[in-house]
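Comments concern the structure below.
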Amino acid sequence: MLKILKKLLTRPLSVAGFLLLFAFIVIAVIAPWIAPPQFEHEPYRIPRDGYWAEPKPPSAKHILGTAEGQYDIFYGVVWGTRTAFRVGIIVTLSGCLIGMVIGSIAAYYGGLIDELLMRIVDIFYTLPFLVAAMVLTVVLGRSLENSMIALICFTWMGYARVLRSEILRIKELDYAQAARAVGANNFRILLRHIIPNAMYPIFVMVSMNIGSMVIAVSTLSFLGLGAEIGYADWGQMISLARNWMLGSAGNATAYWFTVVCPGIPIVLFVLSWNLVGDALRDVLDPRMRGTR
Amino acid sequence: MTTYVLRRLIMLPIVLIGVTLLIFALLQLLSPFSRLAMFVTDPNQLKQGPEQLQEMVEALGLDDPVWMQYGRWLNQVLHGDLGWSESGRQPVVTAILSRLPGTLELALFAVIPVIFGGIWLGKITAVHQNKPLDHVGRVVAIVGWSFPTFVLGLLALFVFYGILDWFPPGRLSIAAARIVNSDAFTSYTKLLTIDALLNGNWFVLGDALRHLIMPVITLAYLSWALIMRVMRSSMLESMRQDYVTTARAKGQTERIVINKHARRNALLPVTTIAGTMFAGLMSGVVITETVFNRPGLGRFAASAATQLDIPSVLGFALFNGILFVVMNLIVDLLYAYFDPRVRLE
């Protein structure tokens, strides 16, 4: 464990990733202090300063300016960090759990059940991820929760495939055979000997996917299918910027802050997870070193 | 080879049935009343009172057992009827087909340079493994991977249209659109650039290309990063093989060793990501066309989704699913053709 940590800390890119991630964790934790909520029981509702449509540039009162409808951008960016963590982690871990259960069932029972489950995986793969999530969100009804459910429904397949093939590979290795020889039952071998060793690629996938899920949710919000207007979500805030991208007459850059301020945190957040995932892959799984 | 092709062709209808089952399952999450829109051909039918709607539900058998409904729905789909698109104000199939050329043009311009450029960059970074060029490629790919398509698209629009006024959104300027819609201009393929070439109209060609550049870059950068990294690792793998050593031992120049012996074999694994790339492309089209306001399938799907126009959205999904399955089949057959080991398995 210490060796892994040491390896992680000697690579500049992975250190940058961990530092970024740490900064986001700090922002998420201290959110109530740096951006005190106006509505005590609804901290994710961005406070507005009037109802004027035109965004206002950064000022002493709103340090990152206000978006369309006078939503305070700084508040949204800060509380959006919590939304990003919540969405990324819940969607990824739920998808991972479902995928692991299905992958282990397929590998454990084999035969017809394996074949059937893997064909279901194939079928779920036929729809492009975002298109599928979009469709399911529309069917379930527009909301942040439903868009998360939709993403979970179409993100488990990768985990199922990877865990299944890892289990099948490890099952044949000497230590699994040895456990069988001393009389351990199948279930015990699976839980105690195989799954713990099959987890490494799953860890890497999880860390890589948290970033992708944040992109996916913010994209759905951007399209108007996820978080409602005024909710502290980066994608939703960028969708507020859409009508103001081209500036006002004679001043093309008048509203730059409406897209840049919520845009930078999304990119950095996803980047931090991608760097961490890339580093974990190199350290945990030397076979895949440098594949991306 | 023949048996392999036959086996794959037999699998095709089975997978396609799987796709329709998935779409149908999504449809079943809705109440019978919401599902009515999938089955009408005239929008006025939906504007009736609750009793009439109830009658329609019964007449169409929308509360029958699921398998009966599935059979009827499949039959309808096979006859090319996907219901009425409220957001497009036309049947879903017509809506999809009429918007296909715009999307096809965007996708073609995005994919072709991506494939060749990505493969070339992958090769170069592999040859320069662990040198500055390789590190730059790695960083660019990771950073690019972190950019949501809609953020990149909006920034591109902001800089190249808002500030510089080089590349406007949309598909054509008003002046060019007037020419295209006039009688003097014949639309052979509905792909504007190709039609402009066939008509010999350089103004329209230039205008269409000007509108294509930013959306193409926005759509392409993710696939480009993906291909580059996959090509790199597969190139590294094949450069370690014995036949490369043999080629070097024979005294071949490094250029021939890399381009003829290593690259050719490295290309095979790259074809396997075609499916991933296609999925990314279709998702990307939805966002790119929305951001750049280009009329096409993606924008149609996005606006249908925001208007909760379910027949259109499901029709789009079904269309995607079928396209994906057929494309994967073609890729697999090509793969087997190029790599005899596959078909002998």
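Key figures
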item	result
Leading residue at positive end of dipole, region B:30-153 (Cβ point charges), from B:I142, B:P65, B:L30	B:I142
Peptide B:155-163 - average C-beta neighbours from other chains (10 Å radius)	5
Cα centroid separation, region B:17-38 to region B:164-183 (Å)	39 Å
Nearest-20 debye value, region A:106-247 charge dipole, Cβ charges on Lys, Arg, Asp, Glu	240 debye
Degrees, to the nearest 10: B:50-59 long Cα axis against longest axis of chain B	60 degrees
Dmax and Rg, reported as Rg then Dmax, of region B:2-90 (C-alpha, Å)	16.2, 58
For A:270-276, mean number of other protein chain Cβ atoms within 10 Å	3
Ellipticity estimate at 222 nm from DSSP helix runs (n ≥ 4, -39,500 (n - 2.57)) divided over chain A, nearest 500	-22500 deg cm²/dmol
Dipole axis of region B:212-345 (+1 Lys, Arg; -1 Asp, Glu on Cβ), positive-most option in B:P215, B:M235, B:Q307	B:M235
On Cα atoms only, tilt of B:92-127 relative to the major axis of chain B in degrees	20 degrees
Magnitude of the charge dipole, the protein assembly as shown, Cβ model with Lys/Arg +1 and Asp/Glu -1, debye to 20	2620 debye
Sequence-separation-based contact order of region B:2-90, relative, with Cα cut under 8 Å and 6+ spacing, percent	33 percent
Average partner coverage of A:135-142, which counts Cβ from other chains inside 10 Å	6
Over 37 Å [Cα-Cα, the protein assembly as shown], rounded percent	42 percent
Given charges at Cβ of Lys, Arg, Asp, Glu: region A:2-288 dipole, positive-most of A:A53, A:L140, A:S218	A:S218
GNM flexibility winner over chain A from A:R86, A:R169, A:R48 (Cα, springs under 10 Å)	A:R169
Percent of C-alpha pairs per 5 Å bin, chain A, short to long	1, 5, 10, 13, 14, 14, 12, 10, 8, 5, 3, 2, 1, 1, 0, 0, 0
Point-charge dipole on Cβ atoms (K/R +1, D/E -1) for region B:2-90, about Cα centre, debye to 20	580 debye
Gyration tensor (alpha-carbon) shape descriptor, region B:34-172, a/c threshold 1.5	prolate
Percent accessible area from carbon and sulfur atoms, region A:23-167, protein chains only, probe 1.4 Å	69 percent
Rg [Å, one decimal], Dmax [Å, integer] - chain B, C-alpha atoms	24.2, 85
Relative contact order computed over region A:112-235 (Cα-Cα under 8 Å; 6+ residues apart), in percent	30 percent
Among A:70-80, A:133-143, B:105-115, A:37-47, the order from most to least packed when residues are scored by Cβ within 10 Å on average	A:70-80, A:133-143, B:105-115, A:37-47
Relative packing of peptides B:88-94, B:212-218 - highest average C-beta neighbours within 10 Å first	B:212-218, B:88-94
With 5 Å bins from 0: P(r) over region B:255-330, alpha-carbon pairs, percent	3, 14, 18, 17, 13, 10, 8, 6, 6, 3, 2, 0
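The values are calculated or read from the model by the stated rules, or taken from the named source; none is laboratory data. Small disclaimer: the values here were computed from a predicted structure and weren't measured. Heads up, the Cβs are rebuilt from the backbone with ideal geometry, glycines too, and the neighbour counts pull from every protein chain shown. Heavy atoms of the whole protein, side chains included, go into the accessibility calculation; ligands, DNA and RNA do not. Shrake-Rupley method; radii C 1.70, N 1.55, O 1.52, S 1.80 Å.
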